[in-house]
Amino acid sequence: MCRNIKTLHNFAPPATTDEIRASALQFVRKLSGFTRPSQANQQVFDRAVDQVTEAAHELLASLVTTAPPRDREAEAAKARARSAHRFARSAD
């Protein structure tokens with residue numbers, strides 16, 4: 001599950017609220033072991049996602065860097081190239 005959590009710091013444009021919440025959801029899913037919690041745990045699960053989202057917003061707003069912002073398309077292209085190389089079939 002955690003493989004889906006993406007780096008959100010230092011991108012142009014900055015990470016959206018939806019992206020931050022999605023990473024918080026993945027984090028809480030990993031910690032709890034639930035993809036979908038039971039009704040008995042839903043409220044606690046949702047509260048944890050809200051709290052992690054808030055903490056992530058605060059973290060991203062507080063981080064500083066002198067590096068230029070990364071381009072989302074360039075980073076996505078690099079990830080696709082790594083994936084293609086990783087899963088390429090060897091020639092027989």
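The values are calculated or read from the model by the stated rules, or taken from the named source; none is laboratory data. Quantities reported herein were computed from a predicted structural model and do not represent experimental measurements. Note that each Cβ is placed from the backbone with ideal geometry, even for glycine, and that neighbours are counted across all protein chains shown.
Worth pointing out:
- Only one entry of 54, 58 meets the criterion of being part of a helix (DSSP H, G or I) and either surrounded by 12 or more Cβ atoms within 10 Å (Cβ to Cβ) or in contact with a Lys or Arg (Cβ under 9 Å, 6 or more places away or on another chain) (or both), and that entry is 54.
- Residue pairs whose Cβ atoms lie under 9 Å apart, separated by 6 or more positions or on different chains, with the first residue in region 56-85 and within 12 Å of residue 7 (Cα to Cα) and the second part of a helix (DSSP H, G or I), are 56/20; 56/21; 56/23; 56/24; 56/27; 60/20.
- Restricting 87, 45, 11 to those that are surrounded by 10 or more Cβ atoms within 10 Å (Cβ to Cβ), at pLDDT below 95 and hydrophobic (A, V, I, L, M, F, W, C) reduces the list to 11.
- Residue list for region 14-31, restricted to those being in a helix (DSSP H, G or I) and surrounded by 14 or more Cβ atoms within 10 Å (Cβ to Cβ): 19, 20, 21, 22, 23, 24, 25, 26, 27, 28, 29, 30
- Put simply, of 56, 67 the only residue that is modelled with pLDDT of 95 or more and at negative phi is 56.
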